[in-house]
Amino acid sequence: MMTKSRKVISKKRGRPATGRNPVFAIRLPVELTAAIEKWAARNETASWSDTIRRLVELGLSGSQPMKRRSPKDALKALDMAAQQIDKLVDASAPPEEQAKRKRRLLKGPGEFQELRADLPKKKA
């Protein structure tokens with residue numbers, strides 16, 4: 001006759017798993033804590049955790065690099081901008097000055113050109 005084997009189930013010690021996301025603890029300067037609380041009051045967040053979570057999500061979304069447009073889309077946007085500039089042109093300016101102003105507007109200020117993701121980067 002076969003004997004039945006018995007399994008002994010031992011209970012795990014400690015708090016049972018909750019299935020929630022991990023907890024992080026950070027130290028924040030008083031000034032930063034005050035700024036976070038001020039932001040939370042303006043945005044009516046439900047809790048401190050919700051406030052921090054939303055601020056981190058905003059920070060991450062703002063730090064994502066822009067996608068490069070296809071050359072076809074970039075050309076279409078450039079043409080649309082040129083058409084709008086033509087509608088707003090100063091008719092009293094000479095044609096050379098109008099063309100110069102239009103080029104400058106379409107190209108953008110030099111100090112921002114290296115920040116634009118839709119333009120190729122200059123080689124050093």
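The values are calculated or read from the model by the stated rules, or taken from the named source; none is laboratory data. Quantities reported herein were computed from a predicted structural model and do not represent experimental measurements. Backbone-built Cβ (ideal geometry, glycine too); neighbour counts: all protein chains shown.
Could you please give the count of residues in the range 79-92 that are in a loop (DSSP other than H, G, I, E, B) and either touching a helix residue (DSSP H, G or I) at 6+ places or on another chain (Cβ under 7 Å) or charged (D, E, K, R) (or both)?
Counting residues in the range 79-92 that are in a loop (DSSP other than H, G, I, E, B) and either touching a helix residue (DSSP H, G or I) at 6+ places or on another chain (Cβ under 7 Å) or charged (D, E, K, R) (or both) gives 2.
Residue by residue, here is whether (1) touching a helix residue (DSSP H, G or I) at 6+ places or on another chain (Cβ under 8 Å); (2) modelled with pLDDT of 80 or more; (3) of a type in the set (S, T, N, Q) holds:
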residue: LYS7; (1), (2), (3): no, no, no
residue: LYS12; (1), (2), (3): no, no, no
residue: ALA17; (1), (2), (3): no, no, no
residue: ARG20; (1), (2), (3): no, no, no
residue: ILE26; (1), (2), (3): no, yes, no
residue: GLU31; (1), (2), (3): no, yes, no
residue: ILE36; (1), (2), (3): yes, yes, no
residue: ALA41; (1), (2), (3): no, yes, no
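Is there any pair linking a residue in the range 67-94 that is closer than 17 Å to GLY108 by Cα and modelled with pLDDT of 90 or more to one that is acidic (Asp, Glu) and part of a helix (DSSP H, G or I), with Cβ under 6 Å and at least six apart or on different chains, and which?
As it stands, the answer is none, since no pair meets every condition given.
Considering each residue of the range 44-56, count those that are surrounded by 12 or more Cβ atoms within 10 Å (Cβ to Cβ) and over 14 Å from LEU28 (Cβ atoms), and give that number.
4
Could you count how many residues in the range 57-78 are in a helix (DSSP H, G or I) and surrounded by 11 or more Cβ atoms within 10 Å (Cβ to Cβ)?
Counting residues in the range 57-78 that are in a helix (DSSP H, G or I) and surrounded by 11 or more Cβ atoms within 10 Å (Cβ to Cβ) gives 7.
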